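The values are calculated or read from the model by the stated rules, or taken from the named source; none is laboratory data. Owing to the predicted nature of the structure, the values given are computational and were not obtained by experimental measurement. Cβ sites come from the backbone with ideal geometry, for glycine too, and all protein chains shown count toward neighbours. Only protein heavy atoms, including side chains, enter the accessible area calculation; ligands, DNA and RNA are left aside. Shrake-Rupley method; radii C 1.70, N 1.55, O 1.52, S 1.80 Å.
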Amino acid sequence: QEIIEHLRIEHELSNVSFNTWIKPLRVYKVVDNTVFILVNMNASVEYIDKKYRLPLTVSIAEITEKEYEVVFISEDDEQLEEIMEMASKTSEKKKTKSAAQKAGLNPKYTFDTFVVGGNNSFAHAASLAVAESPGEVYNPLFLYGGVGLGKTHLMHSVAHFILEKNPKKKVLYVTSETFTNELIHALKNPKETSMADFRDKYRNNDVLLIDDIQFIIGKESTQEEFFHTFNHLHTAGKQIIISSDRPPKDIETLEARLRTRFEWGLIADISTPDYETRMAILQKKIEMDSLQKYNIPADVLEYIASNVKTNIRELEGSLNKLIALYKLENNQREIDITLAAEALKDIISSKNQREVTPELILDTVSEHFGISIDDLKSNKRNAEIAVPRQIFMYLCRSMTDTSLKVIGIILGGKDHSTINHGVNKIKSEIEENETLNNTIDIIKKKINPL
Ligand code: ADP
Ligand code: MG
């Protein structure tokens, strides 16, 4: 009412204008910063919007001292309910989004974008259970696994899930490095950040996620502080999620009392993904990053999935490199295995020797016999080249789980029966031929010294 009066006076509206247009307006609902105003059936929403939205916005701002957006809706609008529902959903989403930002979360790391495979299904299920009932099931949840296998992704997924259900929950994600640095800062600069501020930040949470806990190992004062943070939260029934590159029992210098606490809840590991999971992750990545337009052939994806095995970050990186190389060549070249091999050169050769890939075997065979990789991939049939080529086929089959088909592709597009023939020929020959047997032994040791 006050607003309407203000509007009348400020804009010197005539009685007739005022009575016709302004007086019948009713506030329908206020959602966040938006005021929804119902317009009487007989009036035109467009007209009122054009003529009175601005003045009304100003009047509202002057009276309430807050800025609101004004939206007029018609009384007879059949979609009234729907509009309001959408508005409140958008508002929920906004709240969730800003809460997620504040919590330090990557918007891409959600359960929706996480591919579940045999390597991570237990960790995934445990995380989902915790997300559904924080503080009530497994506390703490301790996730461990090698680099680039999805620990951080899974932790963020839990946090997003909780905030989506309730944006008011206090969720904080930090790496143990941040925790340590902030602690050091508080200890050194008590005037800038007091210990009380520090403790408040970490203890005043419903869910605390600490990533890569292994980095606090050996730092006594950090462990001490974390121990107290942990106890405080745990006693209050607040959820704690911890990740590490190894299980608590293998963290040698971890204080016994911390280790015991980590073992209170549930410990779940994430291991390396199998071939199917790697393929599924590549597909997901293509979908998420809208890479469909590049029409990457299936055999190229198979090639990447067969060669990049122990790190999902590298798996994704391979796809990015391939696209980058394709663009670099001004889209002149086709996306095929050759281009992929070029793009993946660094990733594959920078692997330490322990990771046996077809590329590593190819390099080693080429070097051992002094034959170029191009010759190995060619169709030349002279024995000096054909035998090493067959040895490569055989080693690929016995040292990796590369399919006959993919081996054929690596060898410049040979069909799988050719590969099968080569593998079997070597298999039967090493039974009788001791030097061949010895040669293959030596090459194997070159490939994998362990
Ligand atoms: P970690 O924390 O274990 O080192 P990250 O969680 O950072 O690994 O994962 C590395 C990359 O791989 C991220 O881009 C992540 O999105 C992706 N990733 C890992 N696991 C999966 C999965 N199961 N599904 C989809 N993407 C995954
Ligand atoms: Mg991580």
Discussion item. Within the stretch 86-100, does at least one residue satisfy the condition of being touching a helix residue (DSSP H, G or I) at 6+ places or on another chain (Cβ under 7 Å), within 16 Å of ligand 2 (Cβ to nearest atom) and touching a residue at least 12 places away in the same chain (Cβ under 8 Å)?
Written reply: no
Worksheet item: On the given criteria, is Lys66 part of a helix (DSSP H, G or I), touching a helix residue (DSSP H, G or I) at 6+ places or on another chain (Cβ under 9 Å) and open to solvent by 70 Å² or more (accessible area, probe 1.4 Å)?
Response: no
Item to complete: Select from the stretch 259-306 the residues that are within 12 Å of ligand 1 (Cβ to nearest atom) and touching a strand residue (DSSP E or B) at 6+ places or on another chain (Cβ under 8 Å) and write down the one among them that is least open to solvent (accessible area, probe 1.4 Å).
Response: Ile270
Worksheet item: Going by the structure shown, is Arg246 of a type in the set (D, E, K, R), surrounded by fewer than 21 Cβ atoms within 10 Å (Cβ to Cβ) and within 16 Å of ligand 1 (Cβ to nearest atom)?
Response: yes
Item to complete: Mind listing just one residue for me: the one in the stretch 392-430 that is polar (S, T, N, Q) and in a helix (DSSP H, G or I) and, of those, nearest to Asp363 (Cα to Cα)?
Response: Ser398
Response to the item:
Cβ pairs under 9 Å, 6+ apart or interchain, first in the stretch 149-165 and under 21 Å from Ile312 (Cα atoms), second within 16 Å of ligand 2 (Cβ to nearest atom) and among the basic types (Lys, Arg), ordered by first then second residue, are Leu149/Arg313; His153/Lys108; His156/Lys108
Worksheet item: From the set of residues in the stretch 118-155 that are surrounded by fewer than 23 Cβ atoms within 10 Å (Cβ to Cβ), over 17 Å from Leu208 (Cα atoms) and within 16 Å of ligand 2 (Cβ to nearest atom), which is modelled with the highest pLDDT?
Response: His124
Discussion item. I need the full set of residues from the stretch 184-219 which are within 16 Å of ligand 1 (Cβ to nearest atom) and open to solvent by 10 Å² or more (accessible area, probe 1.4 Å), in order please.
Written reply: Asp212, Gln214, Phe215
Fill in: Verdict on Ser366 being at pLDDT below 90 and within 37 Å of the chain's Cα centre (by Cα)
no
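Can you report the number of residues in the stretch 161-183 which are farther than 16 Å from Ile213 by Cα and either within 16 Å of ligand 1 (Cβ to nearest atom) or assigned to a helix (DSSP H, G or I) (or both)?
5
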Worksheet item: Quick one: Ile304 ticks every box in (1) within 27 Å of Ser271 (Cβ to Cβ); (2) modelled with pLDDT under 90 bar one, so which box is it?
Response: (2)
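How many residues are open to solvent by less than 70 Å² (accessible area, probe 1.4 Å), of a type outside the set (S, T, N, Q) and under 23 Å from Asp289 (Cβ atoms) if we restrict to the stretch 97-111?
The first filter runs over the stretch 97-111 and keeps only residues open to solvent by less than 70 Å² (accessible area, probe 1.4 Å), leaving 98-100, 103-106, 110-111.
Pick out the ones that are also of a type outside the set (S, T, N, Q) and you get 99-100, 103-105, 111.
So of that shortlist, the ones also under 23 Å from Asp289 (Cβ atoms) come out as 100, 104-105, 111.
Number satisfying all stated conditions: 4.
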Discussion item. Of the residues Val115, Val158, only one is of a type in the set (Val, Ile, Thr), within 16 Å of ligand 1 (Cβ to nearest atom), surrounded by 16 or more Cβ atoms within 10 Å (Cβ to Cβ) and not in a loop (DSSP other than H, G, I, E, B); which?
Written reply: Val158
Worksheet item: Which pairs do you get when a residue that is hydrophobic (A, V, I, L, M, F, W, C), found in the stretch 238-259, comes within reach of a residue that is at pLDDT below 85 and within 16 Å of ligand 1 (Cβ to nearest atom), reach meaning Cβ atoms under 7 angstrom, with the pair 6+ apart or on two chains?
Response: Ile251/Gln214
Item to complete: Answer with yes or no whether Asn307 is free of Cβ contacts under 8 Å to residues at least 12 places away in the same chain, closer than 27 Å to Glu355 by Cβ and either touching a helix residue (DSSP H, G or I) at 6+ places or on another chain (Cβ under 9 Å) or not small (Gly, Ala, Ser) (or both).
Response: no
